[in-house]
Structures are given as C-alpha cells and as structure tokens.
Amino acid sequence: MRAIDLPQAIALYMAAVLGSGILFLTGSTAAVAGPASLVAWMIIIGTSLPIAYTFAILAKRYPDAGGVSTFVQRAFHRELGGMVGWMYFFCATSG
C-alpha cells in the first residue's frame with residue numbers, strides 16, 4: 001500500500017480548501033485589483049502554507065476520516081469533537 005507523503009498531503013489540503021474557486025477568483029481579483037491581486041495571492045499562499053502543514057502533520061499522525069473533529073476530540077473531549085464535526089458539516093453545506 002502506498003502512503004501519502006507530506007508534500008502531497010499539503011497539496012491535497014490546499015486543493016480542498018481552495019477548490020475550484022481558484023479558477024474563478026483569479027479572474028475576479030485581477031479585474032478588481034489589477035496587479036495588486038498578485039500581492040493578495042502571495043499573502044493567501046503565505047498564510048495557507050503553515051495551516052496546511054499543520055493539518056498534514058496531524059493527519060499523518062492521526063489517520064482518520066474525521067478530519068478536524070478527530071483532532072479536537074483527541075485534544076479536548078469526544079463531545080467537543082462531535083460539535084466541531086456537526087458545525088463543519090453545516091458550514092460546509094451552507095457555504
């Protein structure tokens with residue numbers, strides 16, 4: 001069985017967060033901000049990389065399909081992990 005290494009995990013996380021919106025947003029931000037949109041994208045990338053790295057490390061250490069709710073459950077309590085899971089579910093479906 002082949003495992004996902006750290007760079008692949010970071011790329012998968014960033015793709016999941018940005019999704020297909022990156023195709024739409026690049027044109028929209030360029031139309032509004034012009035060349036300054038490149039600075040905005042660099043800031044987004046700079047702030048996303050540490051978060052992606054953290055989640056990649058956590059996912060490697062605690063491989064579970066629960067994602068963020070698993071990390072909260074392990075750090076705090078089972079009920080809090082469940083609350084985070086449901087909040088993520090409702091936010092992701094309404095977003």
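The values are calculated or read from the model by the stated rules, or taken from the named source; none is laboratory data. These figures come from a predicted structure and were not determined experimentally. A quick note on method: Cβ atoms are made from the backbone with ideal geometry, for glycine too, and the neighbour counts reach across all protein chains shown. Please note that ligands, DNA and RNA were not included when accessible areas were found on the heavy atoms of the full protein model with its side chains. Shrake-Rupley method; radii C 1.70, N 1.55, O 1.52, S 1.80 Å.
Here are a few things to note about the model shown:
- Spans of helices (runs of 4 or more DSSP H) in the chain with at least 3 residues at pLDDT 85 or above: 36-61, 68-75, 78-94
- Test: residue in segment 49-65 that is within 22 Å of residue 89 (Cα to Cα) and acidic (Asp, Glu): yes
- Residues being open to solvent by 50 Å² or more (accessible area, probe 1.4 Å), more than 22 Å from residue 12 (Cβ to Cβ) and of a type outside the set (A, V, I, L, M, F, W, C) - total across segment 37-90: 3
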